[in-house]
Amino acid sequence: MVFGKFEQAGSLWIMALNGKVAVVTGAAQGLGKGFVEILLQNGANVALLDLNEKAGKDLEENLNKAYGADRAHFYTADVSSEQQFKDAFQKVLTKFGRVDIFCNNAGIVNEKNWEKTVSINLCAVVRGTYLALEHMKKENGGQGGVIVNVASLAGLGPLPSAPIYTATKHGVVGFSRALSMASQLANYGVRINVLCPTFVRTALIDTFHSEELTGQFFNLKTVTESLLDKHPLVEVEDVAKGFLLLVKDESLNGAVLAVRSTGTGIVSFPTEIPKTPVSL
Ligand SMILES: NC(=O)C1=CN([C@@H]2O[C@H](COP(=O)(O)OP(=O)(O)OC[C@H]3O[C@@H](n4cnc5c(N)ncnc54)[C@H](O)[C@@H]3O)[C@@H](O)[C@H]2O)C=CC1
Ligand SMILES: CCCCCC(=O)CC\C=C/C=C/C=C/[C@@H](O)[C@@H](O)CCCC(=O)O
């Protein structure tokens with residue numbers, strides 16, 4: 001995995017966000033809240049989806065006080081429920097009339113209830129991506145747009161204390177990269193990019209201290225701690241800047257952006273994976 005130093009290359013194509021409408025899942029706290037704030041700061045209106053109704057409503061009120069009335073609207077939705085996700089998306093379209101930016105951010109760590117983790121971290125990302133694509137793609141009369149799916153560094157390499165989490169994040173990377181190519185080939189007019197943050201200072205980071213959530217891999221806590229030494233924590237704001245780049249830079253489709261304490265860079269995937277020959 002080559003980790004290219006990513007200079008903020010001046011791109012000719014930068015999307016202006018004024019008047020644009022964004023949807024962020026898992027928006028009530030953590031990274032999702034950071035993405036919502038940077039979108040509002042850059043002129044977009046934002047729909048926040050989360051299953052935490054109290055946190056979402058409180059945040060909606062605070063954001064509209066800070067950025068102007070009616071800029072942010074919260075919708076309660078469990079993204080693992082197809083019906084709730086579809087209903088919320090329909091309410092967003094009814095309220096705003098369009099969606100230009102969609103961020104599938106909601107995610108959990110639960111190695112015990114691994115089906116729940118797959119349902120939220122991968123199935124719901126596919127569901128949200130397809131909901132957005134159906135609305136955005138030009139062959140359906142859409143205006144085009146951009147989808148940012150949130151994976152993790154664990155989408156680029158294994159996190160031994162969380163193999164299911166690792167699998168879901170690898171899935172998000174692979175799905176998004178393949179769909180970005182399909183979108184280009186089919187001329188959907190929709191860019192699909194992936195964000196791969198390292199450890200970020202949010203509530204999720206405490207998961208690996210929880211035996212309830214890491215299950216049989218709780219005994220690998222020290223492995224995660226050593227990975228934390230190698231990959232120091234970053235702040236939500238650092239990741240939000242990378243998110244904004246994936247949204248605004250219209251030259252980026254199929255980009256996988258890694259955000260680490262040592263810097264932010266676009267991952268370059270080898271066209272052929274290096275192999276060690278074996279004799280059969
Ligand atoms: N914190 C970290 O170190 C890293 C986090 N990520 C990813 O970033 C994303 C956000 O994580 P954080 O902000 O750190 O976590 P967080 O736990 O602080 O926030 C997650 C938000 O998603 C919501 N959520 C959870 N399940 C949901 C569901 N079924 N439907 C709707 N909303 C749901 C929660 O209510 C919460 O508001 C996740 O996909 C996570 O895997 C990626 C790399 C590192
Ligand atoms: C259990 C807590 C999960 C917290 C949420 C996360 O997503 C944290 C993941 C952050 C780091 C994962 C590190 C994985 C490291 C190795 O697999 C390494 O090979 C990754 C390679 C990617 C790179 O070039 O840095």
Once neighbouring chains are kept in place and the probe is 1.4 Å, which whole percent of the accessible area of region 21-258 is contributed by carbon and sulfur? 52
Dmax and Rg, reported as Rg then Dmax, of region 156-271 (C-alpha, Å): 15.8, 48
Can you order the peptides 230-240, 115-125, 44-54 by their average number of other Cβ atoms within 10 Å per residue, highest first? 44-54, 115-125, 230-240
Using the Cα atoms as the points, what is the convex hull volume per residue of the chain in Å³? 150
With springs only between Cα atoms under 10 Å apart, run a GNM on the chain and tell me which of Ile147, Ile108, Ile205 wobbles the most. Ile205
Signed unit charges on C-beta, dipole axis of region 47-190, positive-most listed residue Gln83, Val150, Asn187: Asn187
With -39,500 (n - 2.57) per DSSP H segment of 4 or more residues and division by the full residue count of the chain, the 222 nm estimate, nearest 500 deg cm²/dmol, is -12500 deg cm²/dmol
Compute the orientation-averaged projected area for region 60-102 from the convex hull of its Cα atoms and round it to one decimal in nm². 3.4
At q = 0.17, 0.27 Å⁻¹, work out log10 I(q)/I(0) for region 185-238 with the Debye formula, treating every Cα as an identical point scatterer and leaving solvent out; two decimals please. -0.65, -1.14
Mind ranking 245-252, 194-201 by how tightly packed they are, going by the mean number of other C-beta atoms within 10 angstrom, highest first? 194-201, 245-252
Where both residues lie in the chain, what percent of DSSP beta bridges are antiparallel, nearest 5? 20
Ranked from highest to lowest mean number of other Cβ atoms within 10 Å per residue, what is the order of the peptides 156-165, 211-220? 156-165, 211-220
Can you compute the charge dipole magnitude of the chain about its Cα centre, using +1 on each Lys and Arg Cβ and -1 on each Asp and Glu Cβ, nothing else charged? Give it in debye, rounded to the nearest 20. 500
Roughly what percent of Cα-Cα pairs across region 1-129 reach past 16 Å? 64
Cα-Cα over 27 Å, subset of Lys54/Lys230; Lys20/Lys137; Lys221/Lys275; Lys137/Lys275; Lys57/Lys241: Lys54/Lys230; Lys221/Lys275; Lys137/Lys275
Mean accessible area per residue over the chain (1.4 angstrom probe, all protein chains present, square angstrom) is 48
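The values are calculated or read from the model by the stated rules, or taken from the named source; none is laboratory data. Every value quoted in this text rests on a predicted model; they were computed, and no experiment measured them. Quick reminder, even Gly has a Cβ in these numbers, built from the backbone with ideal geometry, and neighbours come from all protein chains shown. Heavy atoms of the whole protein, side chains included, go into the accessibility calculation; ligands, DNA and RNA do not. Shrake-Rupley method; radii C 1.70, N 1.55, O 1.52, S 1.80 Å.
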